[in-house]
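A quick write-up on the structure given underneath.
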């Protein structure tokens, strides 16, 4: 039984829900039109194999396209929404062929090699109906109509296939109860999912922003064991022209530190100011300078609100896909309303226009820190240059280490300064900022990235997750100056600890990146003529195949038989049922044939019933000899019954 009308309505509903109505409309019209014309094509298995292979190629192409455009299209959602388009050509070909169902070997290539013919088959009309219902449910804008539409489509498609064992009213009531229960369960699961999703997003956001929050950052001071830093590439930087690029990218800076086993840095003034637009996607931070340099940063933001890593001497951002850009007095740039985009452009010059002037908080030290640092140098106002030289000399014999040998319960900074004398960049940056204040120099703690790794094949700098860095800045002579006391060997040591397979991963990552750059530069308009030519060739091939294929005209009688088709309908045992019904021994509605024969006392027909059931329900079927034998036995039995009836009369 074909799902007439309801299949076309389900296709249209999918087209509306998925915003693909211009694909859905012709598919629905073509499939419903087959019921109004009787011309069919006698396609061979080879023809169906070809259509299935083209469907597989289209599936692979669709997956590659979605993978390359993962920022534009949600992979799973879009793939499921496009599945009806993918399978509709195969369904249409079967609909207008003399083949009722599609055997499994048409879709599954490995089954084509079997010596025995494949008996298992699918009704592709019901498969397309199910795909349309599934795809319509992935509408991200309006869920209110999906469940009623899905329930109606399932009800209408199952109604002709219902068991006659139960009354129609009871069947409808059972289906309604099932749908109502399913709707309630769906709503409960959805609400629970939204709660879990919100909690998970909050937890992940808190975990991610521990270091990149513009208002506070938690350092790794006092953590036990080796810090696991990833080799994964975060973004790439391409300087414009032959210019070099600054060694450090600023992300956020802080002026207030806490004490304890896990030191935190925070900002005293939490306000941000909106940066005015120059045009839709350009923000200017300082006056134009003839010495400006330019670069392109290939960074795709995965969140709607994020800090933007830039040189501290930034003067302009262009092509940043944000609705709003804000700046605080500590030089942190925050983009809001960010959308996926492969890159943004920057201009930078000499000076440090991003940092605001120092305040009293930039000299603040609590009593615990003053007491701790007084063992190194007395608290006083030293000349800034002398203070910086002293601090750099003090840390000259310290070592860089990602590993902490002992658990520091009291004060990790004290352990670093007086016992261990080794640590990672957060130790050096925190201690340097505090020592500068101890010597009367305003200072801040800064986090960002070190830009050191240059890839000649790409012509770009590569910034990895392990290139995240922390340093201090000091206010000297009316300007902020970087004071980085972390030993310069830290990059080399982390390179030595990199994964041995990193070159392999980098090879695939970099060439995949280059391919995406090329792909993003392609425009469909550039290939418009080629697409028209390819499309025209495919249409001509289709018309040629239709014109040269063998065609069959289905009679009205055959169409009626197809509409009421049942497996094994041609079994001769139905003659016995018709004969006994005419003799007044009718089978009750929904009564099983075996019980019927026992009730009317015809046990001699049970062996024939066994062959009949195998003919109807056994996937392997019955052989030609069994069919011939069953025909003869049925005819002989009916003839013998007719002779008995005539002799009785």
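Of the listed requirements (1) at pLDDT 90 or above; (2) in a loop (DSSP other than H, G, I, E, B); (3) in contact with a strand residue (DSSP E or B) (Cβ under 8 Å, 6 or more places away or on another chain), residue 392 misses just one: (2). On the basis of being assigned to a helix (DSSP H, G or I), in contact (Cβ under 8 Å) with a residue 24 or more places away in the chain and under 30 Å from residue 103 (Cα atoms), does residue 605 make the cut? Against the criterion (assigned to a helix (DSSP H, G or I), in contact (Cβ under 8 Å) with a residue 24 or more places away in the chain and under 30 Å from residue 103 (Cα atoms)), residue 605 does not qualify. When residues of region 24-41 are filtered for being assigned to a helix (DSSP H, G or I) and either in contact with a strand residue (DSSP E or B) (Cβ under 7 Å, 6 or more places away or on another chain) or more than 17 Å from residue 93 (Cβ to Cβ) (or both), how many remain? Adding up the residues that qualify gives 3.
Applying the condition of being touching a helix residue (DSSP H, G or I) at 6+ places or on another chain (Cβ under 7 Å) and touching a residue at least 60 places away in the same chain (Cβ under 8 Å) to region 83-104 and asking which residue is surrounded by the most Cβ atoms within 10 Å (Cβ to Cβ) yields 84. Among the residues in region 64-72, are any within 21 Å of residue 22 (Cα to Cα) and part of a helix (DSSP H, G or I)? Within region 64-72, one or more residues are within 21 Å of residue 22 (Cα to Cα) and part of a helix (DSSP H, G or I). Looking at residue 396, is it under 15 Å from residue 490 (Cβ atoms) and without any contact (Cβ under 8 Å) to a residue 24 or more places away in the chain? Judged against the criteria, residue 396 is a match.
The one condition from (1) within 40 Å of the chain's Cα centre (by Cα); (2) closer than 19 Å to residue 355 by Cβ that residue 426 does not meet is (2).
The values are calculated or read from the model by the stated rules, or taken from the named source; none is laboratory data. Computed from a prediction, not measured in an experiment: that's the story for all the values here. Using ideal geometry, Cβ is built from the backbone for each residue, glycine included, and neighbour counts are taken over all protein chains shown.
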